[in-house]
Amino acid sequence: MRFTSHLPEPWEITGVTTNIPQYIDVAVKAEKPGRVYVVEVRNKRQEAGNYAGVINLSTTSKQRPRMIMRVFGELAIPSSEGQ
């Protein structure tokens, strides 16, 4: 997900936490430091099943010091029928 600020002052994502670290890895990259940040979420789970959780982003913005991303995952094992 890409976050772009249109505020007059620069801002940064300063911290990331999640309540489902056993299922996902989260990385933040500054595409344009002070303006555009990309949050990448990667699945860690190997078995079939569902999960849901949140990612909390801390920022330097006075207007949005915290942002929340909701995460949903649904993993299925491909059927081997017809092989």
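Each value in this text was obtained by applying a stated rule to the coordinates, not by laboratory testing. No experiment lies behind these values; they were computed from the predicted model shown. Backbone-built Cβ (ideal geometry, glycine too); neighbour counts: all protein chains shown.
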Practice item. Excluding residues fewer than 8 places away in the same chain, name every one of the aspartates and glutamates whose C-alpha is closer than 13 Å to that of K29. Key: E12, E40
Practice item. Give the Rg/Rh ratio for the stretch 1-69, taking Rg as the radius of gyration of the Cα atoms and Rh as the Kirkwood radius, to two decimals. Key: 1.04
Study note, to complete from the structure: Between the modelled labels at S58 and M1 (7 Å from Cα along Cα→Cβ) the distance in nm is 1.9 nm
Point to revise | Integer Hz, Karplus 6.51/-1.76/1.60 couplings in order for the stretch 55-70, x for Gly and Pro | key: 10, 9, 10, 9, 10, 8, 6, 5, 6, 9, x, 9, 10, 10, 10, 8
Exercise for review: For the chain, run through the trypsin sites (Lys or Arg not before Pro) and keep only the ones in DSSP coil with at most 16 other Cβ atoms within 10 Å of their Cβ.
Suggested key: R35, K44, R45, K62
Check your understanding: Which whole-Hz ³J(HN,Hα) couplings does the stretch 27-42 yield from phi under the Karplus relation 6.51 cos²θ - 1.76 cosθ + 1.60, θ = phi - 60°, glycine and proline marked x?
Key -> 10, 10, 10, 7, 6, 9, x, x, 9, 10, 10, 10, 9, 9, 10, 10
Check your understanding: What residues have an amide H closer than 5 Å to that of I24, excluding those fewer than 5 places away on the same chain, when H is modeled at 1.01 Å from N in the peptide plane?
Key -> K44
Study note, to complete from the structure: For V71, the residues 5 or more places away or on another chain with a placed amide H closer than 5 Å to its own amide H are G53, V54, I55
Exercise for review: Normalising by the residue count of the stretch 2-75, find the relative contact order in percent from Cα pairs under 8 Å and 6+ residues apart.
Suggested key: 33 percent
Study note, to complete from the structure: Amide H contacts under 5 Å for W11, restricted to residues at least 5 apart in sequence or on another chain and with H modeled in the peptide plane, are G34, R35
Revision key, fill the gap. For the stretch 7-19, Karplus-derived ³J(HN,Hα) couplings (6.51, -1.76, 1.60; θ = phi - 60°; whole Hz; x for glycine and proline) come out as 6, x, 9, x, 9, 9, 8, 9, x, 9, 9, 9, 8
